Each structure stands twice: as C-alpha cells, then as structure tokens.
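Here is the structure we will look at.
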Amino acid sequence: MPEALRARIAAVSAHLPSRYRTMDDIRARIAGTGGYAPPPGLLEDLTGVRGVHVHEDGENASDLAVAAARTALDEAGMSIGDIDLLLFASTAQDLIEPATSHLVAVKLGASCPVFDIKNACNSVLNAMEVAASFIQTGRYRTVLIACGEPATLATRWHTPDRQTLLRALPGYTASDAGAALVLTAGPAGPDDPGILALRFASNSEAWENCTVAGGGSMHHLSVHDDHTTLRLNGNLRQGALDALPRILDAAGEELRAVGASTFVAFHQIAMPQYREMIELLSLPEDRCMPAVAEHGNCAAASLPLQLVKAREADRIERGDLVTMIGLASGFSFGLALVRW
C-alpha cells in the first residue's frame, strides 16, 4: 500500500518594494487631479492604514513574484531545478495571454510545467489546494507557488465627488507585494507537519459588489476610470454576511478549531474590516496580526506576508497549528489549517 502523503510548507517568503506611499501622499495626489479633495486625515480615519508599498517603475507582477520565489527557494535549500510544478497565483497578471507563470518560469530558469490560478485575493489559498491535491496523489512532489501583486495600479486618482471617492476607497489601501511558498511531500502521521485541512465556500451572486472591470471581454481595453480601477459597486460586507451560512456549513468544524491555533492569518483590506472579522468569526485577537495598518492590502500576498511577519516576531514555531483564512471579491472564502 502506497505511503500516505501530506503537503507541507517547506518555505514561505514575502517581498515588499522599498517605495512607500503614505495616506497623506495619496490624499495630495488625489487633490492634485482637480477633483474632490479629501480633507486631511480622512483616508486614515476611514481605513486605519498608514501607507502602502509601491513597485518600481517598469516592475511587473512577475518580477514581484520572482523576487519572493528566489527567497523561498533559498530558505528551502532548493534550486529551481528541484521544482516539479510552478503555479502563479495572484489577482494580477503581466498579460492577458500567455499565462504569467511562463514569465516567472523564464526569469527563474524553470523548465517544469506551469499554469496560473486566479481567484482574486484567494488565489494563493486556491493554489495551495491544487498543490496539496497533486502532492497527496503523488503527481508532483515539490510545488512552487509564486504571487506578484502590483495592486496600486488599480488605484483611482481623479474623483469628481465624495461619493466617487468612497466607491474607490479600497484602492487607496491597495499595496504592492510579492509572495511565495514551496510545498513538498512528507509523511501524513498525526503529528507530522503539513496542510491538515482546506475548506472553501462561495457566494457568487455577489460578484458585482467589487470589481476591476477593464481588460476582459465585457470592457475590452477600456480606459474608463470606473473599469480600470478597484471599485465598490455594492455592499461587499453584505456579500460576505450572505455567504456566512455556506461558510459555516463548509468550514464550521475548522473554525471551531481556530481557538487552538497559535497564529491566525486572515485577509485584511482595512482596519475596520480587520476588527469586524475578529468579531464575526470569533477569532482570538491576541493570535492575529493587524498587518494591514502598516503594509496595506497586499491582495493575494496578504496571507504569506502575515506568516512571514509572525515568524520574524517569533510568534510561529515548528509544531504550531496555524490557520489561514482567505476572503475575496466574488465572493469567496477559504480556510487552511496547517501544522507548521
């Protein structure tokens, strides 16, 4: 009988561009377009975010992913030749075609199979599910997940009135980052490290609530601000609340186990949402990290970033139980329980 396998996280990394844009910088740039100028302090008060990271000129999603991937490979003690499958998982992409994973592969010197996984800010969690499934069946033994998020490209600068500013508010917390995970096969004993459970739920009726509409067949090559920037079209919070019964049905047992976790990472778009998530899902606040306040909303790179920050702060050690909770426009929910 073949040995039972479990996907384990051999390495996780995050890359943050050195350029940093404060909320006051953002306010000044909005005011400079000649439209509605938000009062000083308004953006900070509404979001609780101090600033965001910004990619260098000419730097693409693939470049952010490659920077993080190189660090992850070094941490795992591997070369790119050790990777059996490369997944690019992100809200962003370099091109409509081909898949951005090909550009990442060329820049890393990879010759393994590659493909993209895209599900807004849940992209990395969905890639973990795909990678874990391949590893458990023995199809691939070592998988590299790479994420690159030049999310500030979806920021709207000209806002003719206050209402437009509020619809564009998520774009002002959007932050650029890269992230990567190396998943490898290991034994699946009761105390062995690895991904213990993955659960997902969706409320697709809420797909219109938050969009970046330009570039697809619906708004092909659009230059309209409403289509090329991140925009709230409805109540994103309500879309999540409507999905709560499905979430509890899909992941109720795992959510009850969150209390035993040493650290809980969950997707963060602003500080009010951070506090509401803790209350809504009864998360242990002393085991969470409000990374969004300093680093902004790093989209699909958000969860790996929190793991890296928690590890740097000695809040995660080998053997600890870690929970990762993903939330994404669409609306999607994901949860991973991981033995570190």
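A few notes on this one:
- Averaged per residue, segment 78-122 has 45 square angstrom of accessible surface, using a 1.4 angstrom probe with ligands and nucleic acids left out.
- In segment 65-118, Rg over Rh equals 0.95, where Rg is the alpha-carbon radius of gyration and Rh the Kirkwood radius from pairwise Cα distances.
- Here the relative contact order of segment 57-209, from alpha carbon pairs under 8 Å that lie six or more residues apart, stands at 29 percent.
- Peptides 173-182, 314-323, 288-297 ranked from most to least packed, by the mean per-residue count of other Cβ atoms within 10 Å: 173-182, 288-297, 314-323.
- Whole-Å semi-axes of the ellipsoid equivalent to segment 266-321 (Cα gyration tensor, √5λ, descending): 18, 15, 9
- Only protein atoms count toward the accessible area here, which uses a 1.4 Å probe; on segment 15-99, the carbon and sulfur part of that area reaches 47 percent.
The values are calculated or read from the model by the stated rules, or taken from the named source; none is laboratory data. Everything numeric in this text was worked out from a predicted model, so none of it was measured. Positions of Cβ are backbone-derived with ideal geometry, glycine not excepted, and every protein chain shown enters the neighbour counts. Remember, those area values only see protein heavy atoms, side chains included, never the ligands or the DNA or RNA. Shrake-Rupley method; radii C 1.70, N 1.55, O 1.52, S 1.80 Å.
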